[in-house]
Amino acid sequence: MAARAIWKGNLKLNSTKIPVKLYSAIQDRTVRFHILDDRAKLRVKQHMINPESGDEVPNEEIRKGFEIEPGTFVVLEEKDLESLVPEASRDVAIKKFVPPDVIPPEYYDRPYYVGPDGDQSAYFALAEALKNQEREGIAHWVMRKQPYIGALRAQGDHLVLFTLRSAEEVLSAKDLPRPAGRAPEKKELAMAKQLVELLRGDFDPKDYKDEYRARVMEFVEQKAKGHKPRLKLVKAKRKTASLDKVLAKSIESLKKEKRSA
Amino acid sequence: MPKRKRATATEEEEQRGARPMWSGTLTFGLVSVPVDLYPGNRSSRTPLRMLGPEGVPLARRYYSQKTGNDLDADSMIRGYEIDKDKFVTVTDEELERLAPEQSRDIDLRSFVPLQSIPPLYFDRSYFLVPSSGSEKAYRLLGETMKKNDLAGIATFVMRGKEYLVAIFSENGILRAETMRFSDELRTPKEVGLPEKTRVSSAAVKKFENIIKKHSDNTLALSTLKDEKAEALRKLIAKKKSSRKNVVHVEMPEREEGKVVDLIEVLKKSLAGKKKAA
C-alpha cells in the first residue's frame, strides 16, 4: 500500500523549482506499552503540579520560562513564542553541495523519501546528477512552523531528504578528554588487529533481525491467553583473564571456526 | 523526533544524562570491556520550563483516572493494549528476562568499513565510557578500529528494546550509533514512489552544473544552526536586559528538572572519578 505524503513543497536550486512530496522513510515497529495505574489497570493521566503545594496547575495557567539563574526565570508569553515561528514557505532551498562523508553520522536525524509531485523528469534528473557528482545538497526549509536544515541525497534512483541535528544538539567527542589508563602495547595492538580482521565483513542490514521484539510479542500473547510463561533468571557476569591471553584465545577460536566453516 | 512517554523522574534523569542509561559489557572476540552508556544528543541548550502563574517551576505527575490521586513509580506498570482498554501487564523484570543471554552484551561480531553504512540507518547517538578497570581494553579497541577505519556492529537489548548499533572510534572515545533495523525502513516501492523514467541528458547536465558551481569539499558543522533556538536566546537576552517578564522565586535545592551538563558528566567519568550526582 502506498504511503501518504506528509508534506508538499518544492526543491529549489537556483531558480529551478521541482514540485515534490515528502514521505516518512521510517516504519516504526517498536512494541508500544502504555503506562498503567497498577491497581486499576487503566492508563494513567498526566498533569502539572506546583511541587511545593502539590496543587494541580491547569493548562491555561501554565507559562513558559527560561531559567537565567537559579530561581530566576524570563517568562515567555504565547505571543513571544509565536514571534519565533519562521515565515511559512514551501521551498526547500538547496544552495550548497558537499561530498557524502563530510557530515558525521550523529548529525543525521530523520529520513524522508522525496517523491515527484507531477512532472517526474526534473526529479529523476536531479537524483541522477547528485549520484554522478557524488554530492549531497545542504537544504534549508520550514515545515510545520519549524525551521530545518537537512541533507538531500540520492538513494538508488530516488531522493531522500534527511533532517539534520544542529551543532548544539550533538555532543562532540572532541570536547572530551581521552580516557585514562595506559596506551596499548604493540603486541596487543597487533593481536587486536588480527582479531578484527577475522571479524571483518560488509555491512548487510538483512543480517540483523530484531528477535527481541518477537519474543516480547509472543510473551504478551501467551499472557493474554492466561498462560504464565516461565522465564530464566538473569545470571551475573564472571570476571575474565588478562588482556593478551584473552586476545590469543579469541584469535585461536575464530580461526578454528573459519577452518571448520 | 516523537517524544516518548517517560515513566519516572529517574528515567528522565537518565535521558538528560545525569546517570548512565545502561551499564554493560562491550565484547570483541573473548575480550570484554565494561562500559557505561550516556546520551550523545541533547534536545536543546535552551530548554524552557513550565511555570505556574507566580513563576514556580512545575513538576509533571502521573495520576490515576480512577481515584484522581498522584501515582509514584511503584504504583505504575507497563501494559500492552490487546483490546480497547484491555491490557496485558509486563514488568521490567520480565522484559529483562526475555532478553536472550547473548543480547545483554554489546558483542561486536562484525567490523565493517566506516563509509559502508548508509545514513538512512542512523538513529540516535550515545557515548560509551569505560567503567572502572576497563580503560586498557577500551583504548585497545578504540585504537584498533581507528587505525583500520572500521566500525563495529552489534545488536543488544536495553530497557525493553533491541538495538542495532554501530560503534565508532573518535578521538579515543567510542561512540555508539543506534540504527534502524531493515524492516523499520520503507523501500521506495513500499512508499509508492514511481520507478525511474527516462531523463534527458541535458536536464542531468543542467543539474550537474548547478551542483559543481555550488560545491564545497568541507562544511563547517557550526553552520548547522538551530535557528529557532538562536532566535529564542536573543529574545531571552532582550527581555533579561529590560528586566521585563523576569520573575524570581525562592526555591529549595531541587534535583528534578535541573539542567545537566552532559559534557561535564562525561569528563568526570572519563577521568575515572566518581560520577556526578
Exercise for the section: Would you be able to say whether some residue in the range B:73-94 is under 24 Å from A:D204 (Cα atoms) and buried (at least 20 other Cβ atoms within 10 Å of the Cβ)? Expected result: no
Practice task
Check whether at least one residue in the range A:77-86 is touching a residue at least 60 places away in the same chain (Cβ under 8 Å), of a type in the set (V, I, T) and part of a loop (DSSP other than H, G, I, E, B), and report yes or no.
Solution key: yes
Completion exercise
Scanning the range B:1-43 residue by residue, those assigned to a loop (DSSP other than H, G, I, E, B) and either modelled with pLDDT of 60 or more or touching a Pro at 6+ places or on another chain (Cβ under 9 Å) (or both) turn out to be B:G17, B:A18, B:R19, B:P20, B:M21, B:G29, B:L30, B:G40, B:R42, B:S43
Practice task
Filter the range B:140-150 down to the residues that are at the interface with another protein chain (Cβ under 8 Å from one of its Cβ atoms) and not in a helix (DSSP H, G or I), then identify the one that is farthest from the chain's Cα centre (by Cα).
Solution key: B:N148
Practice task
Being aliphatic (A, V, I, L, M), in the same structural domain as A:E106 (by TED's automatic domain parsing) and free of Cβ contacts under 8 Å to residues at least 60 places away in the same chain narrows it down to one of A:A214, A:A151, A:A190, so name that one.
Solution key: A:A151
Practice task
Report whether or not B:A137 is in a strand (DSSP E or B), of a type in the set (G, A, S) and touching a Leu at 6+ places or on another chain (Cβ under 7 Å).
Solution key: no
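Results for (1) facing chain A (nearest Cβ under 7 Å); (2) outside any loop (DSSP other than H, G, I, E, B); (3) modelled with pLDDT under 95, shown as yes or no for each residue.
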position	(1), (2), (3)
B:R45	yes, no, yes
B:Q65	yes, no, yes
B:D74	no, yes, yes
B:G79	yes, yes, no
B:G133	no, no, yes
Completion exercise
For the range B:46-69, the count of residues that are loosely packed, with under 13 Cβ neighbours inside 10 Å and touching a residue at least 40 places away in the same chain (Cβ under 8 Å) equals 1
Problem - Pick from the range A:87-103, criterion part of a loop (DSSP other than H, G, I, E, B) and within 7 Å of another protein chain (Cβ to nearest Cβ), ranking: nearest to the chain's Cα centre (by Cα) - result: A:I103
Handout entry: Residue within the range A:160-183 that is over 30 Å from B:D261 (Cα atoms), in contact with a helix residue (DSSP H, G or I) (Cβ under 6 Å, 6 or more places away or on another chain) and buried (at least 16 other Cβ atoms within 10 Å of the Cβ) present
Key = no
Handout entry: One residue from A:G71, A:G65 being within 8 Å of chain B (Cβ to nearest Cβ), under 31 Å from the mean Cα position of the chain (by Cα) and without any contact (Cβ under 8 Å) to a residue 40 or more places away in the chain
Key = A:G65
Exercise for the section: Considering (1) out of contact with any strand residue (DSSP E or B) (no Cβ under 7 Å at 6 or more places or on another chain); (2) modelled with pLDDT under 95; (3) surrounded by fewer than 17 Cβ atoms within 10 Å (Cβ to Cβ), say which one A:P99 fails and leave the rest. Expected result: (2)
Practice task
Mind listing whichever residues of the range A:210-221 are farther than 14 Å from B:G79 by Cα and either exposed (fewer than 15 other Cβ atoms within 10 Å of the Cβ) or in contact with a helix residue (DSSP H, G or I) (Cβ under 8 Å, 6 or more places away or on another chain) (or both)?
Solution key: A:D210, A:E211, A:Y212, A:A214, A:R215, A:E218
Fill in the blank from the handout: Taking the range B:81-107 and keeping residues assigned to a strand (DSSP E or B) and in contact with a helix residue (DSSP H, G or I) (Cβ under 6 Å, 6 or more places away or on another chain) leaves B:I82, B:V88
Completion exercise
Of (1) facing another protein chain (nearest Cβ under 7 Å); (2) surrounded by 15 or more Cβ atoms within 10 Å (Cβ to Cβ), A:T30 satisfies every one except (2)
Completion exercise
Counting only residues that are within 27 Å of A:R144 (Cα to Cα) and β-branched (V, I, T), the range A:54-90 contains a total of 4
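The values are calculated or read from the model by the stated rules, or taken from the named source; none is laboratory data. Values in this document were obtained by computation on a predicted structure and should not be read as measured data. Positions of Cβ are backbone-derived with ideal geometry, glycine not excepted, and every protein chain shown enters the neighbour counts.
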